[in-house]
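Contents: one structure, followed by commentary.
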Amino acid sequence: MFSLSLCFQVDNSSLTGESEPQSRSPDNTHDNPLETRNVAFFSTNCVEGTARGIVICTGDHTVMGRIATLTSGLETGKTPIAKEIEHFIHIITGVAVFLGVTFFILAIVLGYSWLEAVIFLIGIIVANVPEGLLATVTVCLTLTAKRMAKKNCLVKNLEAVETLGSTSTICSDKTGTLTQNRMTVAHMWFDNQIHEADTTEDQSGASFDKSSVTWLSLARVAGLCNRAQFKAGQDALPILKRDVAGDASESALLKCIELCCGSVRANRDRNKKVAEIPFNSTNKYQLSIHETEDTNDNRYLLVMKGAPERILDCCSTIMVQGKEQPMDEELKESFQNAYMELGGLGERVLGFCHTMLAEDQYPKGFAFDTDDVNFQTDQLCFIGLMSMIDPPRAAVPDAVGKCRSAGIKVIMVTGDHPITAKAIAKGVGIISEGNETVEDIAARLNIPVSQVNPRDAKACVIHGTDLKDLSQDQMDDILRNHTEIVFARTSPQQKLIIVEGCQRLGAIVAVTGDGVNDSPALKKADIGVAMGISGSDVSKQAADMILLDDNFASIVTGVEEGRLIFDNLKKSIAYTLTSNIPEITPFLLFICANIPLPLGTITILCIDLGTDMVPAISLAYETAESDIMKRQPRNPFRDKLVNERLISIAYGQIGMIQAVAGFFAYFVILAENGFLPSKLVGIRLNWDDRSVNDLEDSYGQQWTYEQRKIVEFTCHTAFFVSIVVVQWADVIICKTRRNSVFQQGMRNKILIFGLFEETALAAFLSYCPGMDVALRMYPLKPSWWFCAFPYSFLIFVYDEVRKLLLRRNPGGWVERETYY
Amino acid sequence: MDLVTLVVFGSWLAPALGSAFGREVIASAENADKDYDSPFEYDYESLRIGGLVFAVVLFVLGIVLIVTKKCSCSSDKPRPKAPDEETAVPIAQ
């Protein structure tokens, strides 16, 4: 809090986002401590002047400290993908427990002892668990995170990779995120016309007509009546990247003039400064007197800049096309119109004027007194206006457009002025052409604001002070009914309230920001995105994702990758779950039909943790089936990762065919060895009995325990190989959910690699010498590999036909029941 | 005399019958026995070698596929990807 200040100005951009320096004075102008003039804040910068004051708060009690406490006190909820995986685990557990309990009861009914029944129960529940799935999901997310890192999007939290894909609302900060956070000259008014300047970061925009003499005078005044200068040793750097000593507006003018008219320093050296009156808030202008470069002319040049209305008052003539003309009403009118228009664009406008002081009154060597003004400051010649704005970043309008077409709502939340906020929102596309706020409609129809039907206004701009008075229902109402919203003059606490409001409506919210004032919102959001280069460390810490090159367009990349990985995880889970049925059914039939065990535990693990891993992970490399950026964001309540339809396909349809394939191979091998299927039913007790060494088969041959077991383990190996063979078909059909495989193509090389490796591993496990002792897996005769081929082909044909029906009848029964 | 023959024959038979693996190779001088047993003989050694060669070939092929940047030559009838699922005509089998 200040007791004394002298031309003291602070830059509050790290706290409120305002790029304009604010002047501070000892007067209490406002009740709100953030608005009043006699308080300065911890972590803001002083840009000019001196002041003396007393410290009123320290540490956690400062505004900054309170934001920090707010941020660290927030608990982050679960990410959407974590919720989906939890839901999926519930489904799997449900099925496992159901099967387990059913067969437990069945086992009891069939006469097994309690202990045996409990062992069966445990065995079935364990067989239901897809062991390799956790590794697969983690690897898929990691691959996506790596891909995003290549595009300069650093993801700090692995699950956040998918969250952007589910996002339905983006709340974006303005200063530094949507804008470049440097004041730039945007428009000029001279010769009775508004000219546009180039505000792009790399000077790629259109240039204006510089031929007019008025422009030369204007440039001269702007360059001379200016105390900013480039810091030393930067001649090699491009002009826009150089550091400037001076305030924001003067730096903007300096850079603009340097770009258009060449070295300002040289110009200043040629026109030496003799006296100056610096800017002060009472006069609202700045004035300096120079010697002209023309050595024959001994007159002094007086140049002046400041608030346009003050400058106009001091002027009696105006320069048009290089010639001085007396000021008339018409010109004053057009001046007013230009000023209104530029002000309405949210830009900061400055007026410029000059005059040549008459030689007789002010001869060479005249002592100009700046404290007690002894020279003329009226009857000057008005030249023109220049207006400045913090321009939007180049990639932002495009990115906002793409987010819009992807169905994502973009809201601007800033601490800056409503008018500037609205102007930038229009420039960026958050408020699109043709959409009006209630104030716009009122102005257009010339009726008071209260008479405008709120339903007509699709856009709205809400001030922070109004936000305080809104109840939760009113807030929900606004968020629901307006598609384009701008919140201005919001405090960090209010940003948090806005994010909570959106989340209450069921949206998944992304917040982008760069300053300390954004950090509570960044933490509370489902995903927080911070700027990497210009962001503060606090915001980078609170965020889940960092844009390493400050490119807002990377958010579009994030959305695309997020949606893609969600689809690919579905395919991967469908693939992995399918092999559960051919793993469980042998056990069930073993219990119920008393046949020798068709598939052992070690072979189950060889499938889940061995051969199925690479194909499941390879599905993460699949390309998108249709344009994912044209879809609406998924509804977190209805569009689940794993739903009943996926389970129905995986367990009920494809899984069953796979189980039949395995049993076919099993029966073929036993039949070739002499045990016809009819002989097998009920043989279990004798088969597993070590003491029975003369078990007779269908042909009367007698088998010892060891001989029988070798055949049984050969059957296990064959069942395992059959699962591998049908999983070839499964991975090919899981590649696509809607398109035919012929449309999608086999360009996923990792998938083909997976197929080769899977088969190589299966062959290795079967044929390697020593496997019969180590894992009890025996070499298979070549003909037995082909047992499962017809079923594999059947799976492929079945699913292609299903997808064909799905494409031909959108919305039909096939789609409703089987499209996952 | 008969007892001696029986004992000799029995001692020949015992180790053969007690073999742990399912291949009952009866080392009999009689050709008839050999013919009866031939359906039960299978060359597992060649099978193992053949199988292992197959596994190694596939493995190496997979690695080569990943390492080279060219399009794979064993892909399944690749066709240009349809731009839009609504306009694509499903290719009937």
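Just so it is clear, none of the values below were taken in a lab; they were calculated from the coordinates. Since the model is a prediction, treat every value here as computed from it, not as a measurement. When we count neighbours, we look across all protein chains shown, and the Cβ atoms used for this are built from the backbone with ideal geometry, even at glycine.
Angle, helix A:213-224 long axis vs. longest principal axis of chain A, Cα atoms, 0 to 90°, nearest 10?
80 degrees
Classify segment A:384-505 as rounded, prolate or oblate, taking a ≥ b ≥ c as the square roots of the eigenvalues of its Cα gyration tensor: rounded when a/c is under 1.5, otherwise prolate if a/b is larger than b/c and oblate if not.
Here segment A:384-505 falls in the rounded category.
Calculate, in whole percent, how much of the Cα-Cα pair population of the protein assembly as shown lies beyond 47 Å. Kindly include the intermediate steps, with their values, before the conclusion.
Numbers: 197977 of 416328 pairs.
Summing the P(r) of the protein assembly as shown above 47 Å gives 48 percent of all pairs.
Modelled label-to-label distance, A:ARG816 and A:MET656, 7 Å Cα→beta-carbon offset: nm?
2.1 nm
Could you tell me which of A:PRO391, A:ILE497, A:GLN451 has its Cα farthest along the dipole of segment A:368-503 towards the positive end, charges placed at Cβ (Lys, Arg +1; Asp, Glu -1), taken about the Cα centre?
Positive-most Cα among the choices belongs to A:ILE497.
Have a look at the DSSP beta bridges in chain A and tell me what percent are antiparallel, nearest 5.
70 percent
Given a Förster distance of 22 angstrom, what is the FRET efficiency for A:THR29 paired with A:ARG310, based on the Cβ-Cβ distance and rounded to 0.05?
My answer for the efficiency is 0.55.
What's the exposure ranking of A:GLU293, A:GLU333, going from fewest to most Cβ atoms within 10 Å? The partial results should precede the final answer.
Details: A:GLU293 13, A:GLU333 10.
Listing A:GLU293, A:GLU333 from fewest to most nearby Cβ atoms yields A:GLU333, A:GLU293.
To the nearest 20 debye, what charge dipole does segment A:184-389 have about its Cα centre, counting +1 at the Cβ of each Lys and Arg and -1 at the Cβ of each Asp and Glu?
The dipole magnitude comes to about 660 debye.
Hey, can you rank A:256-265, A:565-574 by average C-beta count inside 10 Å, highest first?
Details: A:256-265: 18.0, A:565-574: 23.3.
Packing order, densest peptide first, comes out as A:565-574, A:256-265.
Inside 10 Å of the C-beta atoms of A:802-808, what's the mean count of C-beta atoms belonging to other chains?
2
I need the peptides A:608-620, A:211-223, A:367-379 ranked by packing, meaning the mean over residues of other C-beta atoms within 10 angstrom, with the highest value on top. Write out the running numbers ahead of the final one.
Values: A:608-620: 23.0, A:211-223: 20.0, A:367-379: 11.1.
Going by the mean number of other Cβ atoms within 10 Å, highest first, we get A:608-620, A:211-223, A:367-379.
Quote the charge dipole size of the protein assembly as shown about the Cα centre in Debye, to the nearest 20; the model charges only the Cβ of Lys and Arg (+1) and of Asp and Glu (-1).
Charge dipole of the protein assembly as shown: 680 debye, to the nearest 20.
Just grab the label-to-label distance for A:SER334 and A:ASN157, each label 7 Å out from Cα along the Cβ direction, in nm (one decimal).
Using points 7 Å along Cα→Cβ, the separation is 5.8 nm.
Work out the FRET efficiency for A:ASN280 and A:ASN374 from their Cβ-Cβ distance, taking R0 = 22 Å, and round it to the nearest 0.05.
Details: r = 18 Å, r/R0 = 0.83.
Result of the calculation: an efficiency of 0.75.
Rounded to the nearest 0.05, what FRET efficiency do A:ILE108 and A:THR138 have when you use their Cβ-Cβ distance and R0 = 51 Å?
With R0 = 51 Å, the Cβ-Cβ based efficiency is 0.80.
Starting with the fewest neighbours, write out A:PHE675, A:PHE88 ranked by other beta-carbon atoms found within 10 Å of each beta-carbon.
A:PHE88, A:PHE675
Per-residue mean of other chain beta-carbon atoms within 10 angstrom of the beta-carbon, peptide A:794-801?
1
Calculate the mean, over all residues of peptide B:45-58, of how many other protein chain Cβ atoms lie within 10 angstrom of the residue's Cβ.
If you average over the peptide's residues, the count of other-chain Cβ atoms is 5.
So what is the calculated 222 nm ellipticity per residue for chain A, using -39500 (n - 2.57) for each DSSP H run with n of 4 or more, over all residues, to the nearest 500 deg cm²/dmol?
-14000 deg cm²/dmol, from helical runs alone.
Each label point is 7 Å from the Cα along the Cα-to-Cβ direction; what then is the distance between the points at A:LEU216 and A:SER72, in nm?
Result for the modelled spin labels: 6.3 nm.
On average over all directions, what projected area in square nanometres does segment A:184-389 have, based on the convex hull of its Cα atoms? If you can, show how the numbers build up before the last one.
Values: hull surface 47.6 nm².
Spelled out: convex hull of the Cα atoms, projected over all directions, averaged, 11.9 nm².
Taking other Cβ within 10 Å of each residue's Cβ, how do A:PHE552, A:PHE719, A:PHE2 sort, fewest first? Please report the intermediate quantities before stating the final value.
Working: A:PHE552 25, A:PHE719 30, A:PHE2 17.
By the 10 Å Cβ count, ascending, the order reads A:PHE2, A:PHE552, A:PHE719.
A:ILE419 to A:GLU706: extension gain in nm, 0.36 nm per residue of separation minus the Cα-Cα distance? Intermediate values should be presented prior to the final figure.
Values: separation 287, 0.36 × 287 = 103.32 nm, distance 8.84 nm.
Length difference between fully extended and current span is 94.5 nm.
Ranked from highest to lowest mean number of other Cβ atoms within 10 Å per residue, what is the order of the peptides A:490-499, A:703-712?
By packing density, highest mean first, the sequence is A:490-499, A:703-712.
Computed over the Cα atoms, what is the radius of gyration of segment A:454-541 divided by 2.2 N^0.38 Å, N being its residue count?
1.12
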